[in-house]
Amino acid sequence: MDTQDTAKLAEMTYEIGRSSKNDLPNTFENVNKHLLDEGINYEVVPEWSDRQITTFRNIDNPKKIHISHKGTQVGSSTQNRDLLSDVKIAFGFSPHDGYVKKRKKRTERIISRLEPEELTMSSHSLGGMTQNYTIGKSKKVRDVLLQADTFNAGSSPLFNNDLNISKRAKAQLNKIPLRHHRTKRDIVSAGLVNNVPFGELVEYKTRSTPHEKEHKKIDADFYEKQNIKTKKELNNMGYLERGLYDHHLHHFSNRIIDPIQKHKNKKNKKLKGSSIFSFLPFL
């Protein structure tokens with residue numbers, strides 16, 4: 001699946017995440033309409049979607065399933081649990097975090113019930129973390145996984161070193177296209193630069209382009225977007241402000257950035273020159 005499409009599917013988890021429980025059916029309908037308008041041939045599976053994990057199925061072949069884990073979403077019903085997991089993962093307690101394990105078990109239940117012939121996954125930020133944990137720890141997931149993408153997945157050296165993977169799991173993962181996409185100045189995924197848990201890291205540079213302005217125009221009434229930045233505004237941003245801006249998923253979903261560097265086979269490499277920003281709560 002095209003990574004631009006997988007980014008858009010991951011983006012939809014935030015639209016569902018901000019919905020009230022009673023309004024979820026209307027939100028699912030709106031998401032399906034949006035995906036149709038975007039030319040993405042997937043629809044929400046309502047019985048296996050909630051405000052943490054969204055399950056999509058291919059309209060032509062329901063045995064093709066896509067699963068996205070939602071990232072931290074301030075103002076949503078999952079806000080407190082999201083932020084608590086961010087802190088735990090940042091300080092290396094992810095193996096003991098029930099929230100992370102719950103998402104893994106939920107993903108396994110989805111696979112058991114839907115029995116997909118092909119599974120793809122994509123998630124952003126905290127969702128990228130829980131997706132990586134799920135893939136690394138679940139043979140049930142790996143057995144049907146065709147492709148997985150994360151976007152600015154939250155990462156610290158402690159988290160990645162905690163993700164110990166068996167030799168058999170590594171052999172499976174080496175045969176699957178697994179890509180971790182991050183913007184060059186994103187502070188949330190900084191730990192990935194020297195410590196990729198598995199797969200391939202691809203870095204990008206953000207820039208002000210007409211494509212980003214058009215993206216805001218198209219989607220302004222559907223879900224929230226950050227204010228579009230001019231080249232001058234980008235250059236005048238401080239480190240923290242630019243890092244948070246670069247973290248947003250819309251940079252990937254409309255491909256307004258270009259890959260600049262790839263990193264392979266860096267799992268468990270010690271992070272040198274680590275920054276305090278590697279341990280900030282992940283957004």
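The values are calculated or read from the model by the stated rules, or taken from the named source; none is laboratory data. Note that the structure is a prediction, hence the values are computed from the model and not measured. Please note: Cβ atoms are built from the backbone with ideal geometry, for glycine as well, and neighbour counts cover all protein chains shown. For accessibility, only protein heavy atoms count, side chains too; no ligands or nucleic acids. Shrake-Rupley method; radii C 1.70, N 1.55, O 1.52, S 1.80 Å.
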Across region 55-108, the tally of residues that are more than 18 Å from the chain's Cα centre (by Cα), among the hydrophobic types (A, V, I, L, M, F, W, C) and at pLDDT 50 or above stands at 1
Arg106 fails exactly one of (1) of a type in the set (Lys, Arg); (2) open to solvent by less than 60 Å² (accessible area, probe 1.4 Å); (3) without any contact (Cβ under 8 Å) to a residue 40 or more places away in the chain, namely (3)
Flagged in region 29-65 as small (Gly, Ala, Ser) and more than 22 Å from Arg106 (Cα to Cα), in numbering order, are Gly39
The number of residues in region 46-60 that are touching a helix residue (DSSP H, G or I) at 6+ places or on another chain (Cβ under 7 Å) and either closer than 23 Å to His180 by Cβ or surrounded by fewer than 20 Cβ atoms within 10 Å (Cβ to Cβ) (or both) is 6
